[in-house]
Each structure stands twice: as C-alpha cells, then as structure tokens.
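One structure below.
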Amino acid sequence: METVQNFPAISILLCLFAGIISSGLKRKAARWVNILLVVAVAFLSIYTLGYVLATGASYVYVMGKFPAPWGNEIRVGALEAFTAFFFCVIMLLSLEGGRKKLADELEEGKTYLYYVLSDLLLSSLLALVYTNDLFTAYVFVEINTIAACGLIMIRQNGRTIKASARYMIMSLLGSGLLLLGICMLYDLTGHLLMGNIREQVGILSVTGEYHIPLLVTIALMSVGLAIKSALFPFHGWLTDAYGYSTVSSAAILSSLVSKGYIFLLIKIIYRVIGTEVFNESKIINILFVFGLMGMIFGSLSAIRENDVRRMISFSSVAQIGYIYMGIGMGTKAGMEASVFHILSHAATKSLLFIAAIGLTDVSGGSRKFIDLTGAAFRNKWAGVAFTVGSLSMVGVPMFSGFVSKLLFAQAAVQNEIKMLPALIVLGISTILNAIYFMKTVIRIYTPVEDLKYESITFKNMRMYAVTLVLFIILNVFLGVSSQPVVDLIGQGLAMFS
C-alpha cells in the first residue's frame, strides 16, 4: 500500500486528536491548531485527489487490516477527495471570516471550546465522506449532531438555547430513523459494509424476497437524512439555528453540516441500495415532490422576512430543495446537478452570512432591512460581497448559481415525466429568489442623507476583507470554470458504483 492511501484515515484521526489537544489550550493557541489542522487536511485531500485521478480508480483502505465482515473500511474516490478538500476550504474561510466577531459573540474563556467543536465537526464530515461502513457513518452522524448543536448554543442567549434544543430534537428524530433503517438493513443482509450490503440488496431485489421490509428500510434512511438536512417540511429548526448563532456557526452549519448528510444519502443510493433499486422503490418521487415544495415555500418565507439573517436562512430551505429535486429526478444528470449545487451553495451561502454581519455591524447591529439602508456605502467590501452572493443565488451568469440552475434545467429536459414540474418550479423559484435578494441589494445601496452610523475602511478589517475576496473568487471560479468540476463530479459518481 502506498503512503498516500493512508491520508484519508490520517485526516480523520488528525481532527479527532486536534480536538483533544485544543481542549487544553488557550484561545489563541487553539485557533492556530485549528488553522494548521484545516490546512493540513486540505493538503492531504488534494494530494489524495491527485493520486486517485492518476490511477483512474477508487480504492479501499481497511482499518487495522481486519477484513470484512469484521473490519471497518474507508473507500476513496475522486468525488470523496475533492469534497473533503472543498469542505476544508469553506470551513477555513468561514472561521476566519467570523473570527473577529467571536470575541463579542462568546463569553470570555469559551473561544477555545469553539475550535474544539470545529475540529470534531470536521472529523465527522470527513468520516461521512470517506466511510464505507454504515454503522461507522451513524456514529459520526451523532458526533456531527453534537458538535453542530454545540456551535449553536455556545453563544448563550435565549434564542440560541431554544434553537439548539429544537435542532437537537429534530436531529435526534432523524438519527433514530436512520438507525432503525440501518438495523433493519443489517437484519436483511447480515452486513454493515456498503459493498457487501449492495450485493445482498441486489439479490433480494431479483428474487423479490423481503420486498416490503426493504422498502421500509429505504424509506427510514431517506426520511431520517432528509430531516437532518432540513428538507421541507422538516426545516422548522433551521432559521433560528442559522439566524441567531455566531456568524461563523451560521456559515458552517448552512454550507457544510446539512451537505454532509446529503452526501451520505447519495452514497447510500449508489453504494448501499443501488440506483436501480432506489428508483424502483418510488421513494425517489417523494424526495422530488418535497424538493419542489421546499424551493417554493422556502422562498416565500424568505420574502416575508424583515431580518436579513433569517431571510438568508429561509433561502437555505429553498436551496436544499434544489438538491433534493435533482436527486429525485433519478438520473445521472440530476445527481451531477445536485452535487454541483452542494458545492455552489456552500460557497455562496457562507459568503452571504459573512457579508451580512459586515452590513449589520455598520447599521448599529440591527438586522432589520430599514436599518440596513445604505449599509453597502458604509462597508463597501461587505456590500460587494453580498451583491455577488445574491447574484449567484438568483442565477446570474458568471456566478456558480447560474451553472447550478443550468445543470438542473438540462437534467429536467432529459426526464420526460418530471420535466414540466421541474422547469416550472425552477422558473418560479428563480423569480422569487430575485425578489428577496435584489430587494436587499437595492436596500443596502440606497443612499441616506442622515449618516448616523460610522463607516469601516479596509485598514480596520483586513482579514475580513481578504476572506470575502477569496469567497468571491471561489464563486466566480465555479461560475466560469465549471466544466472541469462537473467532469470531476461525473467521474466521481462513476467510481461510486
């Protein structure tokens, strides 16, 4: 075995050990450990991606050299390595973009704990991306849940405590359904490794044996992960969790946590159940319908909001609906569009949350639209960044959101049955996106004569401005150089099988 093949396992273990080490460090030291960790994992991930692309095939890493069915496995392909790298980039930018606010948002002496939770969250995300064992996936789903809940409630006020309680209740409901599905699948197949399960599921599908239990199992796992990723109508916890947590937490939760669960669902579809069996179960149609509903109702809720951060949060409900619509199409093109939108939404939504805090800081700390009037003149960097994020969400060319919507439209055309509802809802959702995002952009660029708030210059916000610029570059890159990324996604999905 070559050294590079150990990198995914090393990445997960590094994150776990970093969390343990940071628990005994002070704020500044914990921050540097976190930065070095994310950079190191990003480097290991990109090196692993290069190796997989050079060999042209995925590989299996057996933990402790214990073979199936007793051992635990990591399976590494192009999509897994690239996703791990992308998640590291988003996490680093999200943490650095909101770093200056942490001192104001957290109680003194708790900052180090924030980085401990971030390290554990990254370890769980990497495990969900790489694992080839369903029970290991469940264990890290719970680690992800606890870390995410901690990131919400670490800013202790009434809103965040309530939000974290709602998040925990809904998330545990989703986890319970997922665990029931895994237990039933183990009872049906006798395996926990994904490849072994798929072989047995294929046999059960051909023979028709245990058809109803298998259908129930697929439904339990799908609904469980849908709840955890805030698919409509299971999104009730989302707006408070994103709207009142720290700005870095909001950026990480919206861009990474829900996407980790969706990535696990995609792995289950391809590597556990099999796309043919999953499509035949008709559960895919339920995901498609709820995805369409989320696109509409999430946007309508965003339009009614008068709080900029809650508006962005409701927008996430709509964007998650996009992803499930693509999955629900049941085609390769639809899945490629969904995976690309996972990347696009992660890059854009983090940008919007980070930019929004810059706008509210120059508006007396208020998040109400009336107080944000002219905020883009008082903080030019945040104004430009928010505008770029808004244009991307609407689907303006040159930005990542345009490519996502184009891919969804192309995928819809390839599905005769679902083409009409998908295209109609895609068009309506785009109009609704334009209403609430362009309304906000117009508001922040509306001049005001009575300048009762102070402006911020680049000198006072160097790291913050650099973070926004990097987010913008990433967004534009996905918008103008999307084809290599789409090709990589297609290659990675082919390796899934």
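Residues checked against (1) crowded, with 21+ Cβ neighbours inside 10 Å; (2) in contact with a helix residue (DSSP H, G or I) (Cβ under 9 Å, 6 or more places away or on another chain):
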position: Thr3; (1), (2): no, no
position: Phe7; (1), (2): yes, yes
position: Leu16; (1), (2): no, yes
position: Ala30; (1), (2): yes, yes
position: Ala57; (1), (2): no, yes
position: Tyr61; (1), (2): no, yes
position: Ala78; (1), (2): yes, yes
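Which of the residues spanning region 270-304 are more than 25 Å from Glu80 (Cα to Cα) and either out of contact with any helix residue (DSSP H, G or I) (no Cβ under 9 Å at 6 or more places or on another chain) or among the aromatic types (Phe, Trp, Tyr) (or both)? Within region 270-304, Phe290, Phe297 qualify.
What residue, of Tyr167, Tyr210, is farther than 23 Å from Phe234 by Cβ, of a type outside the set (S, T, N, Q) and touching a helix residue (DSSP H, G or I) at 6+ places or on another chain (Cβ under 6 Å)? Matching residue, one of Tyr167, Tyr210: Tyr210.
Confirm whether Phe297 is under 26 Å from Ser390 (Cβ atoms) and surrounded by fewer than 21 Cβ atoms within 10 Å (Cβ to Cβ). Spell out how you get there, then give the answer.
Numbers: under 26 Å from Ser390 (Cβ atoms): yes; surrounded by fewer than 21 Cβ atoms within 10 Å (Cβ to Cβ): yes.
In short, yes.
Looking at region 202-258, which of the residues that are at pLDDT below 85 and of a type in the set (D, E, K, R) is most open to solvent (accessible area, probe 1.4 Å)? Filtering region 202-258 for residues that are at pLDDT below 85 and of a type in the set (D, E, K, R), the one most open to solvent (accessible area, probe 1.4 Å) comes out as Glu209. Checked across region 352-366, the condition of being in contact (Cβ under 8 Å) with a residue 60 or more places away in the chain, open to solvent by less than 10 Å² (accessible area, probe 1.4 Å) and under 30 Å from Arg198 (Cβ atoms) holds for no residue.
Restricting region 330-347 to residues that are modelled with pLDDT of 90 or more and among the β-branched types (Val, Ile, Thr) leaves a set whose member that is farthest from Met91 (Cα to Cα) is Val339. For region 178-195, taking the residues that are open to solvent by less than 40 Å² (accessible area, probe 1.4 Å) and assigned to a helix (DSSP H, G or I), the one that is nearest to Val257 (Cα to Cα) is identified as Leu178.
Any idea which of Leu14, Leu102, Leu93, Leu113 is over 19 Å from the mean Cα position of the chain (by Cα) and closer than 29 Å to Ile472 by Cα?
Values: Leu14 fails: closer than 29 Å to Ile472 by Cα; Leu93 fails: over 19 Å from the mean Cα position of the chain (by Cα); Leu113 fails: closer than 29 Å to Ile472 by Cα.
Of Leu14, Leu102, Leu93, Leu113, the one residue that is over 19 Å from the mean Cα position of the chain (by Cα) and closer than 29 Å to Ile472 by Cα is Leu102.
The one condition from (1) open to solvent by less than 10 Å² (accessible area, probe 1.4 Å); (2) part of a helix (DSSP H, G or I) that Glu336 does not meet is (1). Search region 206-235 for residues being of a type in the set (Ser, Thr, Tyr) and touching a residue at least 12 places away in the same chain (Cβ under 8 Å), and hand back the single one that is nearest to Lys267 (Cα to Cα). So, considering only residues that are of a type in the set (Ser, Thr, Tyr) and touching a residue at least 12 places away in the same chain (Cβ under 8 Å), the one nearest to Lys267 (Cα to Cα) is Ser222. Inside region 11-48, residues that are out of contact with any strand residue (DSSP E or B) (no Cβ under 9 Å at 6 or more places or on another chain) and under 15 Å from Glu80 (Cα atoms) make up a count of 8. On inspection, Leu423 qualifies as at pLDDT 90 or above and open to solvent by 60 Å² or more (accessible area, probe 1.4 Å). Residue pairs whose Cβ atoms lie under 8 Å apart, separated by 6 or more positions or on different chains, with the first residue in region 38-54 and free of Cβ contacts under 8 Å to residues at least 60 places away in the same chain and among the charged types (D, E, K, R) and the second open to solvent by 70 Å² or more (accessible area, probe 1.4 Å) and part of a helix (DSSP H, G or I), do not occur. Selection of helices (runs of 4 or more DSSP H) fully inside region 81-157 by the criterion of at least 1 residues being touching a helix residue (DSSP H, G or I) at 6+ places or on another chain (Cβ under 8 Å) and hydroxyl-bearing (Ser, Thr, Tyr) returns 111-130, 134-153.
The values are calculated or read from the model by the stated rules, or taken from the named source; none is laboratory data. This one's a predicted model, so the numbers in the text were calculated from it and none came from an experiment. Here the Cβ is made from the backbone with ideal geometry for all residues, glycine too, and neighbour counts use every protein chain on show. When the accessible area is computed, the model is the full protein with side chains, heavy atoms only, and any ligands, DNA or RNA have been set aside. Shrake-Rupley method; radii C 1.70, N 1.55, O 1.52, S 1.80 Å.
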